[in-house]
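These notes are about the structure you will find just below.
The values are calculated or read from the model by the stated rules, or taken from the named source; none is laboratory data. Note that this is a predicted model, so its numbers are computed, not measured. Cβ sites come from the backbone with ideal geometry, for glycine too, and all protein chains shown count toward neighbours.
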Amino acid sequence: MKLHKIHIENFLVLTEASVGLADRGLVLIQGMNHQDSSANSNGAGKSSIADALCWAIYGTTARGESGDQVVNDKAGKNTRVEVTIEDQNVIYTIARHRKHKTGKNSLTVTMDAGSGLQDLTGGTDKLTQDVVNKIMGCSLEVFTGSIYAGQEKMPDLPAMTDKMLKILIEEAAGVDALEEAYVLARSKAASAKQSYEMTRGLVQQAEAAAAMLSSQKQMAEQDELLWEQNRQAREEAIKEEIANVLNPEHDRLHKAVIDADIPGIEAGIDATDAAIQQTTQEQAALAVLTQAKARADAAVTLAQTQARQAIADHARTEKAVQEVQHKIGCPCDSCGRPLTPAEMAVAEQAAINAHDQSRAQVVAVTTSIKDAQSAAQKAAQEVLDFQTGMTDVSAEMARRATLQGALTEAQKLVAQNQAVQVQINAKAAEIAQLRGQVSPFTARIADLDQKIITANQSSQTLTQELIVKASVLALETEVVRVFSPAGVRSRILDEVTPYLNAQTSKYLAILSDGNITAEWSTLTVNKAGDVKEKFAIDVTSGISAKTFKGLSGGEKRKVRVATALALQDLVATRATKPIELFIGDEIDDALDASGIERLMAILDEKAKERGTVMVISHNELRDFIPQVLLVERSAAGETHITENAA
């Protein structure tokens, strides 16, 4: 991966500048400040070139400046830095803006793969920054720890914590990509395991369902067997009841009916009824005589009633005659004059005539009573005489009653025999019904058979699917192992550590004549003897101090430079996203003349191997670096860059 070019507008002290970054070899960046009489190169803007590169890519400088702090004071707006990057024949353009008239405060990314520009800008700067980080293949920490040693921000790798050093080494080696692959592999393995477990659960469910169905079928078959046994037992019980109870009872009653001789009884009843029928005429004659007697008795009663009436009339007429005779000489009811015999003669005669008639009626009625009584006595005698001569049927009636009782008992036997026959017929029908019954469990067993077939088929299908998923899970598990910390990552780190040690040793051999050693390590042994992952750089000096802290400032600078250069070598040689660029801002600070000379030799060799090495310095290094880039700041605050300044 090559960083081709950077174009800067109104960034920090720089008003406008364009600098090529790719394949430039060893370049010295120096400054000339014509605006500040108290400074020669300070404040000219030489460090602003590297800061602009860092800000464009990560949104902050190595010294932590961001936001409106990076806007050029003179312009006050329209800050824009554009970086062109090539990676595998794809051109990326990253542009970051601040208070820009068109770009506002945005971060934009475009890509040209040969078929035209494609906008990769995300919906937010955060999303776009993620795109930039993927293009670069490293974080800000790795960039400032291995690519850009900023002013006053020389990476102090030996003093870094295990966590920070781990991040730098892993990202520099490209192991962080493996971490993403590891996370993805674990996710896929988890999904594969979940899918496997789900299918395994389904297989278990299908097997359990088949087993349950088989158990249900066995229970249904047992129930059917029990049902058939109960049906047969019921049939045998009915047969036994017919043979041992109903048939004997039917035979007994049949014999009793025969012995009762119902025809003989009925013949005797008919003969008795005939004998009784012969007395009908006598009964009819008796009825006539009885009726005649009743009429005679009624005539006597009527005559007696008429006699009582006649006697009462006679007494009344007699009283009327006496009352007429008594009124002679008595006052008239109308006028009060005494009545004379002559006046009462007519009334008297009428009363006498009525009295005579009533007497004659009494005589006549008395005669009719006697006649009626005589006739009644005669009729009564005739009835008595006829009854005395009538035939006596009481014996026949008693005989008929006896025969009727015998017939009734015989008919009861017939009814009982018929009832027993009905029972026999009903039992026979029940046997036929039992023999015609269909087991209620037959359909259930057939249904269970079909379900068992379906469950077994489902289980077989799921088992085959489980085998496939087990294979997938095994593969995904192996992928996890490969990308795990103990897999490829561990092997890469196993190779990275010796490489870092070799490169650091090479640089320190030049810078310190081998008097200082710095050993990178990624593993340590604890008190228990267990090997643990721990990232550290152990520094010792054979002539001055046993630890990094005990070294002098210049010695520490040599160690920092050596480790930073080694880390940059790692970034420049990694398999993916190798960055062939190193920028050292005041990297020669705190070094004596011998140290500077040795450092320049290293950087010259590095520039030949790695493409571009830029050194930003106040010191006069043109004897070591003939290619000079001069940043001049005019009295008016304008900046100008001169390539290969003499």
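Hey, does segment 105-126 have a residue that's assigned to a helix (DSSP H, G or I) and surrounded by 15 or more Cβ atoms within 10 Å (Cβ to Cβ)?
First, the residues of segment 105-126 that are assigned to a helix (DSSP H, G or I): 125-126.
Narrowing further to those that are surrounded by 15 or more Cβ atoms within 10 Å (Cβ to Cβ): 125.
Yes, there is a match, as at least one residue in segment 105-126 is assigned to a helix (DSSP H, G or I) and surrounded by 15 or more Cβ atoms within 10 Å (Cβ to Cβ).
I need every pair where a residue in segment 524-542 that is farther than 30 Å from S552 by Cβ and outside the structural domain of P498 (by TED's automatic domain parsing) has its Cβ under 6 Å from the Cβ of a residue that is of a type in the set (G, A, S) and loosely packed, with under 12 Cβ neighbours inside 10 Å, sequence separation at least 6 or different chains.
Once the first residue is farther than 30 Å from S552 by Cβ and outside the structural domain of P498 (by TED's automatic domain parsing) and sits in segment 524-542, no partner that is of a type in the set (G, A, S) and loosely packed, with under 12 Cβ neighbours inside 10 Å comes close enough.
Taking segment 1-34 only, how many residues are part of a strand (DSSP E or B), of a type outside the set (G, A, S) and closer than 25 Å to K77 by Cα?
We begin by selecting, within segment 1-34, every residue part of a strand (DSSP E or B); these are 2-11, 14-20, 25-33.
Right, trim to of a type outside the set (G, A, S) and you get 2-11, 14-16, 19, 26-30, 32-33.
If we keep only those that are closer than 25 Å to K77 by Cα too, we end up with 5-11, 14-16, 19, 32-33.
Selection size over segment 1-34: 13.
For the structure I just gave you, tell me whether T408 is free of Cβ contacts under 8 Å to residues at least 40 places away in the same chain and closer than 30 Å to R252 by Cα. Give the derivation first.
Details: free of Cβ contacts under 8 Å to residues at least 40 places away in the same chain: yes; closer than 30 Å to R252 by Cα: yes.
So T408 passes the test.
Does at least one position in segment 375-396 carry a residue that is surrounded by fewer than 12 Cβ atoms within 10 Å (Cβ to Cβ), hydrophobic (A, V, I, L, M, F, W, C) and within 30 Å of V257 (Cα to Cα)?
Yes, segment 375-396 has at least one match.
Output the strands (runs of 3 or more DSSP E) that fall wholly within segment 603-644 and possess 1 or more residues being more than 13 Å from D588 (Cβ to Cβ) and modelled with pLDDT under 85, or say none.
Numbers: elements: 612-616, 628-633, 639-643.
Of the strands (runs of 3 or more DSSP E) lying wholly inside segment 603-644, those with at least 1 residues that are more than 13 Å from D588 (Cβ to Cβ) and modelled with pLDDT under 85 span 639-643.
Determine whether T79 is in contact with a helix residue (DSSP H, G or I) (Cβ under 8 Å, 6 or more places away or on another chain) and among the hydroxyl-bearing types (S, T, Y). Quick ask: steps written out before the conclusion?
Details: in contact with a helix residue (DSSP H, G or I) (Cβ under 8 Å, 6 or more places away or on another chain): yes; among the hydroxyl-bearing types (S, T, Y): yes.
Against the criterion (in contact with a helix residue (DSSP H, G or I) (Cβ under 8 Å, 6 or more places away or on another chain) and among the hydroxyl-bearing types (S, T, Y)), T79 qualifies.
Among the residues of segment 422-463, write down those that are in contact (Cβ under 8 Å) with a residue 40 or more places away in the chain and of a type in the set (D, E).
Pass one, segment 422-463, residues in contact (Cβ under 8 Å) with a residue 40 or more places away in the chain: 423-424, 427-428, 430-431, 434-435, 437, 439-442, 444-445, 448-449, 451-452, 455-456, 458-459, 462-463.
Selection gives E430, D449.
Yes/no per residue for (1) part of a loop (DSSP other than H, G, I, E, B); (2) modelled with pLDDT of 90 or more:
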| position | (1), (2) |
| --- | --- |
| S41 | yes, no |
| A44 | yes, no |
| L53 | no, yes |
| R63 | yes, no |
| Q69 | no, yes |
| G76 | yes, yes |
| T84 | no, yes |
| Y92 | no, yes |
| A95 | no, yes |
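Taking segment 386-418 as the search range and keeping residues that are among the acidic types (D, E) and assigned to a helix (DSSP H, G or I), which one is modelled with the highest pLDDT? Break it down stepwise before answering.
At the first step, the residues of segment 386-418 found to be among the acidic types (D, E) are 392, 396, 409.
When the remaining residues are screened for being assigned to a helix (DSSP H, G or I), the result is 396, 409.
Values: E396: 76, E409: 89.
The residue in question is E409.
Suppose the filter is in the same structural domain as I516 (by TED's automatic domain parsing), over 28 Å from I85 (Cα atoms), in a helix (DSSP H, G or I) and among the acidic types (D, E); does E555 pass it? Break it down stepwise before answering.
On the way: in the same structural domain as I516 (by TED's automatic domain parsing): yes; over 28 Å from I85 (Cα atoms): yes; in a helix (DSSP H, G or I): yes; among the acidic types (D, E): yes.
Taking the combined requirement at face value, the residue satisfies it.
Please verify whether G67 is surrounded by fewer than 22 Cβ atoms within 10 Å (Cβ to Cβ) and not aromatic (F, W, Y), treating the condition exactly as stated. Steps first, answer last, please.
Numbers: surrounded by fewer than 22 Cβ atoms within 10 Å (Cβ to Cβ): yes; not aromatic (F, W, Y): yes.
Taking the combined requirement at face value, the residue satisfies it.
Are any residues in segment 21-39 among the polar types (S, T, N, Q) and farther than 12 Å from E643 by Cα, and if so, which ones?
Looking only at segment 21-39, we keep the residues that are among the polar types (S, T, N, Q), and these are 30, 33, 35, 37-38.
Within segment 21-39, N33, Q35, S37, S38 meet the criteria.
Would you say Q421 is of a type in the set (S, T, N, Q), assigned to a helix (DSSP H, G or I) and surrounded by 14 or more Cβ atoms within 10 Å (Cβ to Cβ)?
On the way: of a type in the set (S, T, N, Q): yes; assigned to a helix (DSSP H, G or I): yes; surrounded by 14 or more Cβ atoms within 10 Å (Cβ to Cβ): yes.
So Q421 passes the test.
Within segment 204-211, does at least one residue satisfy the condition of being surrounded by 17 or more Cβ atoms within 10 Å (Cβ to Cβ) and over 50 Å from the mean Cα position of the chain (by Cα)?
First, the residues of segment 204-211 that are surrounded by 17 or more Cβ atoms within 10 Å (Cβ to Cβ): 206, 209-210.
After this cut, where a residue has to be over 50 Å from the mean Cα position of the chain (by Cα) as well, the list is none.
There is no residue in segment 204-211 that is surrounded by 17 or more Cβ atoms within 10 Å (Cβ to Cβ) and over 50 Å from the mean Cα position of the chain (by Cα).
Looking at A474, A470 in this structure, which one is among the aliphatic types (A, V, I, L, M) and surrounded by 14 or more Cβ atoms within 10 Å (Cβ to Cβ)? Before the answer, list the steps.
Details: A474 fails: surrounded by 14 or more Cβ atoms within 10 Å (Cβ to Cβ).
Matching residue, one of A474, A470: A470.
Restricting the search to segment 262-281, which residues are touching a residue at least 24 places away in the same chain (Cβ under 8 Å) and either surrounded by fewer than 14 Cβ atoms within 10 Å (Cβ to Cβ) or touching a helix residue (DSSP H, G or I) at 6+ places or on another chain (Cβ under 8 Å) (or both)? Give the steps one after another, and end with the answer.
The first filter runs over segment 262-281 and keeps only residues touching a residue at least 24 places away in the same chain (Cβ under 8 Å), leaving 262, 265-266, 268-269, 272-273, 275-276, 278-279.
If the condition is that a residue be touching a residue at least 24 places away in the same chain (Cβ under 8 Å) and either surrounded by fewer than 14 Cβ atoms within 10 Å (Cβ to Cβ) or touching a helix residue (DSSP H, G or I) at 6+ places or on another chain (Cβ under 8 Å) (or both), then I262, I265, E266, G268, I269, T272, D273, A275, I276, Q278 are the ones that fit.
It is to be established whether one or more residues within segment 429-443 are of a type outside the set (S, T, N, Q), at pLDDT 85 or above, in the same structural domain as R231 (by TED's automatic domain parsing) and in contact with a Leu (Cβ under 7 Å, 6 or more places away or on another chain).
No, segment 429-443 contains no residue that is of a type outside the set (S, T, N, Q), at pLDDT 85 or above, in the same structural domain as R231 (by TED's automatic domain parsing) and in contact with a Leu (Cβ under 7 Å, 6 or more places away or on another chain).
Report yes if E597 is closer than 20 Å to A22 by Cβ, assigned to a helix (DSSP H, G or I) and of a type outside the set (K, R), otherwise no. Can you show your working first?
Values: closer than 20 Å to A22 by Cβ: no; assigned to a helix (DSSP H, G or I): yes; of a type outside the set (K, R): yes.
Criteria not met by E597.
Determine which member of the set A601, A635, A607 is among the hydrophobic types (A, V, I, L, M, F, W, C), in contact with a His (Cβ under 8 Å, 6 or more places away or on another chain) and outside the structural domain of R557 (by TED's automatic domain parsing). So that I can check it myself, show each step before the final result.
On the way: A601 fails: in contact with a His (Cβ under 8 Å, 6 or more places away or on another chain); A607 fails: in contact with a His (Cβ under 8 Å, 6 or more places away or on another chain).
Step by step, each of A601, A635, A607 is checked, and only A635 is among the hydrophobic types (A, V, I, L, M, F, W, C), in contact with a His (Cβ under 8 Å, 6 or more places away or on another chain) and outside the structural domain of R557 (by TED's automatic domain parsing).
Go through the residues of segment 344-358 one by one and say whether even a single one is touching a His at 6+ places or on another chain (Cβ under 8 Å) and either touching a residue at least 40 places away in the same chain (Cβ under 8 Å) or surrounded by 12 or more Cβ atoms within 10 Å (Cβ to Cβ) (or both).
First, the residues of segment 344-358 that are touching a His at 6+ places or on another chain (Cβ under 8 Å): 355, 358.
So of that shortlist, the ones also either touching a residue at least 40 places away in the same chain (Cβ under 8 Å) or surrounded by 12 or more Cβ atoms within 10 Å (Cβ to Cβ) (or both) come out as 355, 358.
For segment 344-358, residues touching a His at 6+ places or on another chain (Cβ under 8 Å) and either touching a residue at least 40 places away in the same chain (Cβ under 8 Å) or surrounded by 12 or more Cβ atoms within 10 Å (Cβ to Cβ) (or both): present.
Against the conditions (1) within 45 Å of the chain's Cα centre (by Cα); (2) surrounded by fewer than 20 Cβ atoms within 10 Å (Cβ to Cβ); (3) in contact (Cβ under 8 Å) with a residue 24 or more places away in the chain; (4) over 30 Å from S459 (Cβ atoms), where does E241 fall short? Just the number, please.
(1)
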